Amino acid sequence: MDPSEIRSLIEQNLGGSRADVHTDGQGHYEATVICAAFAGKRSLQRHQMVYATLGSRVDRKSTRLNSSHT
């Protein structure tokens, strides 16, 4: 999957978010997601929110997420 597709899924399904997604070309992705809805959430909760936007499209074992709120 192209990183821009992942970025679009996150930004479309997690209102007000901004995502920056990179790949190593080997099927591994890194996403940095900024969203006000993350305020007060623990890291695990933020990750679950982002993964929910991706559904089964991305292997969770090969995707690393960094999430923060604004």
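The values are calculated or read from the model by the stated rules, or taken from the named source; none is laboratory data. Being a predicted model, the structure only gives us computed values, none of them experimental. Heads up, the Cβs are rebuilt from the backbone with ideal geometry, glycines too, and the neighbour counts pull from every protein chain shown. Calculation scope for accessible area: heavy atoms of the full protein, side chains included, ligands and nucleic acids excluded. Shrake-Rupley method; radii C 1.70, N 1.55, O 1.52, S 1.80 Å.
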* **Residue list for the stretch 26-39, filter: of a type in the set (A, V, I, L, M) and either within 16 Å of Glu11 (Cβ to Cβ) or surrounded by 15 or more Cβ atoms within 10 Å (Cβ to Cβ) (or both)** => Ala31, Val33, Ile34, Ala36, Ala37
* Thr23 touching a Pro at 6+ places or on another chain (Cβ under 8 Å) and either surrounded by 14 or more Cβ atoms within 10 Å (Cβ to Cβ) or over 17 Å from Met1 (Cβ atoms) (or both) -> yes
* Is it the case that Arg42 is at pLDDT below 90 and surrounded by fewer than 16 Cβ atoms within 10 Å (Cβ to Cβ)? -> no
* Asked: How do the pairs read when you match residues in the stretch 22-35 that are of a type outside the set (Gly, Ala, Ser) with residues anywhere that are modelled with pLDDT under 85 and open to solvent by less than 60 Å² (accessible area, probe 1.4 Å), using Cβ under 6 Å and keeping only pairs 6 or more apart or on different chains?
  -> Thr23/Tyr29; His28/Ser62; Tyr29/Thr63; Val33/Ser67; Ile34/Ser68
* Asked: Which members of the stretch 6-44 meet the condition of being in a helix (DSSP H, G or I) and under 21 Å from Arg57 (Cα atoms)?
  -> Ile6, Arg7, Ser8, Leu9, Ile10, Glu11, Gln12, Asn13, Leu44
